[in-house]
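The values are calculated or read from the model by the stated rules, or taken from the named source; none is laboratory data. Not measured: the values here are computed from a predicted model. So basically every Cβ, Gly included, is an ideal-geometry build from the backbone, and we count neighbours across all protein chains shown.
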Amino acid sequence: MKQKLLNYFLLGMLLIGVAQAQERQVNGRVVSVTDGKPIGGVSVAVVGTSRATQTDGDGNYSIAAASGSTLVFSYIGYASQRVNVGARTTVDVELVEDRAVLDEVVVVAYGVQSKLLSTQSVSTVREENFKNMPIQTPQQALQGQSAGVNMVNSSGVLGAEAQITVRGGSSLDAGGRPLYVIDGVPLNAAGGNYMQAQGASSNLNPLLNINANDIESITVLKDASAVAIYGSRGSNGVILIKTKSGKAGKTKVNIDYFNGFSRPTANIDDMMTAEEWVAFRTDYLKANNTTVPNFPTTSFDWLDAAVRTGHTNNLAVNVQGGDERTRFYLGGNYAKESSYTIGNQMDRLTGKMSLDHDISDKVKVGVNYNLSRVDMDRISTENSTNAPLTGAHLMLPYITPYDEEGNFVNTGFIGNFLAIDATGLNKNYSNRQIGNAYAEWEILEGLKAKTDWGIDYYGIDEKYRSANIMYPGGYAYRTHFTDNKWVNTSTLSYDKRINNRHKIGALAGYSFETAKLTQISLAGTGFASDDLPNVGSASTPSTTDEVIYEWALESMFARLNYSFDDKYLFEGSFRRDGSSRFGQNKKYGNFYAFSGGWIISKENFFNEDNRYVRNLKLTASYGTAGNDGIGYYNYIGRFAADNDYMGLAGLAPSRVPNPDLSWEETAQFDIGLFARLFDRIDFQFNFYNKNTSQLLLDVPYPYTTGFASASKNVGKMRNRGFEFSINSENIKRDNFSWNTSFNIGFNKNKILSLPENPDEFGRNFVSGSSQQRAIEGYSRNSFYLIEYKGINSETGEAEWFDKDGEVTSSPVAADRKIVGKGDPNFQGGVTNTIRYKNFDLSAFFNFIYGNDIYLNGLEFTDNFASGSYNKSTKLLDYWTQPGDQSYAPALNSATRGTFAQASTKNLFNGSYLRLKTVQVGYSFPTEWLERTKLFTSARVYFLAQNIWTIKAKGFRGDPEISGNGANNLIVGQTFFALPQPKAFTFGVNFGF
């Protein structure tokens with residue numbers, strides 16, 4: 001028995017010895033193949049086991065591994081490497097930089113960050129996403145491309161401002177535009193300040209003067225971590241535009257040219273011909289026992305006269321190159337575009353220059369300069385009966401634009417837009433200079449000082465002249481606006497990696513910017529001849545006005561980034577702003593943000609052999625940002641000129657002082673998850689909650705005070721939602737590839753509190769329009785209307801619901817209720833790109849769902865009672881006998897006069913899915929081009945825009961419309977705003 005036990009013991013010791021002989025310590029050192037320097041923090045794992053370790057600051061490691069096992073070495077920024085141990089006890093490794101990871105950086109405030117190591121929620125649209133697209137302005141490149149960004153083209157009028165909201169609008173009445181920053185220069189306010197007499201609520205686009213061909217990337221900063229460092233101007237989101245710069249290497253020349261044509265996507269409504277209108281009006285008058293006049297027998301198709309084929313021509317040339325010390329970029333663009341509606345065209349000439357020079361290894365200097373000139377023929381839009389498309393719908397169809405001798409006639413309230421275009425003058429000229437010059441000094445390794453001086457000089461000149469035929473005696477005005485800004489930003493930054501495990505990034509800066517806006521307006525009447533175009537020729541001056549506004553912003557800011565082992569991430573930022581726009585008690589405000597990230601895929605428990613999930617990252621952030629978009633002197637008790645004081649000039653109080661007026665403030669919480677799936681899909685998810693407090697509103701004052709209102713900080717609002725984005729490499733082969741990009745953003749807006757102003761139900765509200773208002777407890781863009789039921793098939797009467805839900809044929813204003821909202825539930829886009837050999841095909845769809853659109857124009861075109869306007873052909877479907885399922889009431893119905901009133905009859909589901917662009921291209925083979933010894937690249941392409949749309953049943957016109965620009969309180973309403981163009985473009989691209 002003892003012998004057996006001894007044998008077992010000896011056998012066990014032998015097995016242990018064998019095992020120990022097979023598994024031993026493997027040591028080694030990991031360095032970079034580029035410079036041979038050691039890399040600390042590299043994960044070293046034994047494949048098929050849970051055993052793992054990391055290299056120390058000198059790149060050394062030690063791990064137990066059996067003979068024949070495989071070690072995997074991985075580190076962010078380097079390609080993973082697998083090594084078979086074999087019988088070795090020492091395994092040294094050289095890691096190769098993974099350029100795809102290292103080069104993937106995102107633009108952030110005052111710099112760039114590694115996309116993988118960033119804790120900020122940003123969305124970037126790069127040049128390849130909009131290259132060769134005939135877009136008027138850069139904002140169009142954002143539509144459907146960025147989750148959480150809702151971009152709606154407010155009008156088809158050339159130069160009109162688009163409506164952009166980032167994660168829902170964060171304000172009611174204090175500016176709803178994002179902050180645009182071009183190469184570090186925050187742009188002037190634009191929009192409403194430059195609206196002038198033409199364009200109504202469709203303001204001038206603030207990026208009208210920027211050439212899309214010169215843009216390298218557009219980055220939208222969305223969460224608090226990203227926008228807080230812009231302090232008082234970040235609550236509506238920040239859009240950073242980076243223009244192209246030179247690159248070291250052989251000088252390259254690129255030429256792009258495209259030519260195309262366009263037509264409207266849809267008519268706003270089908271209108272009656274002269275014959276139909278006369279017959280309808282005759283029957284109407286007879287049904288109501290009214291004498292029928294002798295209607296003219298003439299006719300004219302005003303809609304056909306208003307619409308033409310639009311054309312676009314665009315030529316862009318750029319040159320870039322340089323060496324390791326000096327790099328340059330020169331770009332120029334000439335674009336000539338005419339709209340599909342008469343009287344609207346635009347010529348734009350832009351130039352761009354960028355120069356970067358390394359004075360030494362430590363000192364760099366550079367300059368960016370953008371220059372532009374835009375010449376537009378403008379037309380009236382929105383709420384103007386002189387607008388071509390408005391007049392074309394409302395003009396009585398038997399009225400002709402000419403008399404019997406072929407001369408233009410004055411058509412009265414509905415303007416003869418053909419005469420206006422032919423005899424008048426409506427010009428808008430703008431010149432803009434945007435640029436910056438910088439100097440950067442690397443004081444010590446990792447420590448850099450930089451100073452940047454920027455300008456935004458913007459001048460707008462508008463000239464209008466109405467001939468005698470339209471305005472007896474003639475009328476003219478001239479407005480000249482200049483808005484000149486300069487800004488200086490000086491920063492000190494420090495980036496250091498300690499023992500290859502700790503990475504620290506710090507930024508501190510000071511910024512000061514100031515601008516002066518000058519507005520000069522002149523107007524006059526009474527001209528001796530239509531050949532005298534200038535306002536100075538008027539015999540009776542009616543307006544002589546000059547206003548000057550100045551403002552300044554002083555800022556101090558700081559940001560700290562820290563990462564441990566490139567898997568535990570932290571960022572904090574702080575900004576203190578002092579603004580001249582606010583009262584002496586609240587001139588300075590503080591804004592901050594904190595964020596953290598965890599790269600879960602770097603943990604030892606995360607299997608390095610995992611082929612399903614890579615680069616898994618979790619982030620969270622919280623912080624504040626502000627909004628100062630309230631004008632210039634709203635906090636000051638002001639006096640205004642009064643020229644009717646007992647017949648003498650005088651001054652009268654115009655505004656109540658408020659020394660406590662201050663910023664709106666938006667606090668935002670964000671959680672994000674990013675992952676690389678199956679080595680071909682990038683997935684990102686974000687949830688956010690934004691609470692805006694101290695809303696800036698003009699609060700009504702009692703009539704007895706003599707003041708209408710005063711600006712105050714009152715009210716709260718919330719935006720809450722989530723976003724998904726997916727970029728997928730579906731197929732990737734040598735001669736064939738298929739990629740898909742998809743994004744969708746959900747948002748719900750809710751007004752939490754407002755100043756005392758109760759509606760019929762005791763809820764406080766703020767009016768945006770007579771059909772839309774912000775109501776406490778509901779969306780800021782709630783439609784407040786009488787609910788329409790339809791035509792009673794037995795009586796022929798139009799019927800509505802009263803406030804109690806009972807059917808009525810005579811509703812009153814108190815019967816209005818919340819019936820919809822202008823903001824969508826979600827919006828997004830999907831792009832598929834297929835490449836086969838030298839051919840490429842891409843298709844981009846954008847979509848929006850859950851929003852409503854109110855067509856104000858139907859209050860006119862569906863109006864039975866008035867004989868002053870043309871009518872929609874839908875009115876021909878009127879009730880005549882019991883059982884009729886008709887659109888309109890009986891001709892003699894008691895409701896004929898109220899049928900077209902503001903109600904849900906004119907409210908439509910604005911959801912749509914649109915094939916926004918389809919592009920087909922062919923790139924000539926490189927071997928062919930090499931034979932020419934001239935071309936380095938050549939491509940031809942065809943592009944179609946807005947060619948197919950699925951919209952809600954019964955929608956009349958184009959659902960991609962919102963005729964009020966960036967107005968926060970009025971969304972999804974339109975009065976004959978121009979629909980989007982359906983465009984077809986042919987282009988070529990050559991590289992030399």
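Among the residues of the range 342-363, those identified as within 15 Å of A439 (Cβ to Cβ), in a strand (DSSP E or B) and free of Cβ contacts under 8 Å to residues at least 60 places away in the same chain are H357, D358. Checking each residue in the range 869-889 for being closer than 14 Å to W277 by Cβ and part of a loop (DSSP other than H, G, I, E, B) picks out Y869, N870, K871. Scanning the range 390-409 for residues that are in contact (Cβ under 8 Å) with a residue 60 or more places away in the chain and aromatic (F, W, Y) turns up Y398, F408. Across the range 1-31, the number of residues qualifying as modelled with pLDDT of 80 or more and in contact with a strand residue (DSSP E or B) (Cβ under 6 Å, 6 or more places away or on another chain) comes to 7.
In the range 671-757, counting only strands (runs of 3 or more DSSP E) that sit wholly within it, none holds 3 or more residues that are acidic (D, E) and within 26 Å of the chain's Cα centre (by Cα). Per the listing D456, D452, D375, the residue uniquely assigned to a strand (DSSP E or B) and either within 30 Å of F976 (Cβ to Cβ) or outside the structural domain of N209 (by TED's automatic domain parsing) (or both) is D375. Exactly one residue out of A64, A87 is farther than 26 Å from S118 by Cα, in a loop (DSSP other than H, G, I, E, B) and not assigned by TED's automatic domain parsing to the domain that holds K602, and it is A87.
Can you say whether N370 is closer than 30 Å to K982 by Cβ, of a type in the set (S, T, N, Q) and surrounded by 22 or more Cβ atoms within 10 Å (Cβ to Cβ), as far as the supplied structure shows? Outline the logic, then answer.
Numbers: closer than 30 Å to K982 by Cβ: no; of a type in the set (S, T, N, Q): yes; surrounded by 22 or more Cβ atoms within 10 Å (Cβ to Cβ): yes.
No: the conditions fail for N370.
Of the residues S770, S753, S709, S779, the single one that is closer than 30 Å to D802 by Cβ, loosely packed, with under 15 Cβ neighbours inside 10 Å, touching an Asp or Glu at 6+ places or on another chain (Cβ under 8 Å) and of a type outside the set (D, E, K, R) is S753. Pairs are defined by a Cβ separation below 8 Å, a sequence spacing of at least 6 or placement on different chains, a first member in the range 814-836 that is within 30 Å of F801 (Cβ to Cβ) and touching a residue at least 60 places away in the same chain (Cβ under 8 Å), and a second member that is among the aliphatic types (A, V, I, L, M) and in a loop (DSSP other than H, G, I, E, B); the pairs so defined are G822/I970; G822/V971; D823/V971. Only residues that are assigned to a strand (DSSP E or B) and buried (at least 19 other Cβ atoms within 10 Å of the Cβ) were counted across the range 848-868, and they come to 5.
May I ask you to verify whether A506 is without any contact (Cβ under 8 Å) to a residue 60 or more places away in the chain, touching a strand residue (DSSP E or B) at 6+ places or on another chain (Cβ under 6 Å) and assigned by TED's automatic domain parsing to the domain that holds N407?
Working: without any contact (Cβ under 8 Å) to a residue 60 or more places away in the chain: yes; touching a strand residue (DSSP E or B) at 6+ places or on another chain (Cβ under 6 Å): yes; assigned by TED's automatic domain parsing to the domain that holds N407: yes.
So A506 fits the description; yes.
Scan the range 589-602 and give yes if some residue there is in contact with a Pro (Cβ under 7 Å, 6 or more places away or on another chain) and in the same structural domain as G473 (by TED's automatic domain parsing), otherwise no. Steps first, please.
Step one: list which residues in the range 589-602 are in contact with a Pro (Cβ under 7 Å, 6 or more places away or on another chain), which gives none.
Among the residues of the range 589-602, not one is in contact with a Pro (Cβ under 7 Å, 6 or more places away or on another chain) and in the same structural domain as G473 (by TED's automatic domain parsing), which makes the answer no.
Looking only at the range 225-262, how many residues end up being among the small types (G, A, S) and either within 18 Å of the chain's Cα centre (by Cα) or part of a loop (DSSP other than H, G, I, E, B) (or both)? Break it down into steps so the answer makes sense when it comes.
Just the residues of the range 225-262 that are among the small types (G, A, S), to begin with: 225-226, 228, 231-232, 234-235, 237, 245-246, 248-249, 260, 262.
Cutting the leftovers down to either within 18 Å of the chain's Cα centre (by Cα) or part of a loop (DSSP other than H, G, I, E, B) (or both) gives us 226, 234-235, 237, 245-246, 248.
So the count comes out to 7.
Criterion first (surrounded by 23 or more Cβ atoms within 10 Å (Cβ to Cβ), farther than 14 Å from N627 by Cα and under 10 Å from the mean Cα position of the chain (by Cα)) does S146 satisfy it?
Here the answer is yes, as S146 does meet what is asked.
Could you please let me know if W441 is over 17 Å from I182 (Cβ atoms), aromatic (F, W, Y) and part of a strand (DSSP E or B)? Considered against the rule, which asks whether it is over 17 Å from I182 (Cβ atoms), aromatic (F, W, Y) and part of a strand (DSSP E or B), W441 comes out as yes.
Looking at D377, is it over 21 Å from Y438 (Cβ atoms) and either small (G, A, S) or out of contact with any helix residue (DSSP H, G or I) (no Cβ under 6 Å at 6 or more places or on another chain) (or both)? Here the answer is yes, as D377 does meet what is asked.
Within the range 378-415, take every residue that is assigned to a loop (DSSP other than H, G, I, E, B) and of a type in the set (G, A, S) and give me the one that is surrounded by the most Cβ atoms within 10 Å (Cβ to Cβ). Break it down stepwise before answering.
To start, the set of residues in the range 378-415 that are assigned to a loop (DSSP other than H, G, I, E, B) comprises 378-387, 395-401, 403-407, 409-415.
Adding the requirement that they be of a type in the set (G, A, S) leaves 380, 384, 387, 406, 412, 415.
Details: S380: 23, S384: 18, A387: 29, G406: 7, G412: 12, G415: 23.
Only one residue fits best here, namely A387.
Within the range 177-202, the residues that satisfy the criterion of being modelled with pLDDT of 70 or more, in a loop (DSSP other than H, G, I, E, B) and surrounded by fewer than 24 Cβ atoms within 10 Å (Cβ to Cβ) are D183, G184, L187, N188.
Tell me whether the range 463-486 contains one or more residues that are closer than 30 Å to K37 by Cβ, more than 31 Å from the chain's Cα centre (by Cα), basic (K, R) and assigned to a strand (DSSP E or B). Outline the logic, then answer.
Filtering the range 463-486 for residues closer than 30 Å to K37 by Cβ gives none.
No: zero hits.
If a residue has to be more than 26 Å from E960 (Cβ to Cβ) and in a loop (DSSP other than H, G, I, E, B) to count, how many in the range 263-287 make the cut? Walk me through how you get there before you give the answer.
The first filter runs over the range 263-287 and keeps only residues more than 26 Å from E960 (Cβ to Cβ), leaving 272-287.
Now drop any that are not in a loop (DSSP other than H, G, I, E, B), which leaves 272-273.
Total meeting the criteria: 2.
A count restricted to the range 364-388 and to residues that are in contact (Cβ under 8 Å) with a residue 60 or more places away in the chain and more than 24 Å from S430 (Cβ to Cβ) stands at 3.
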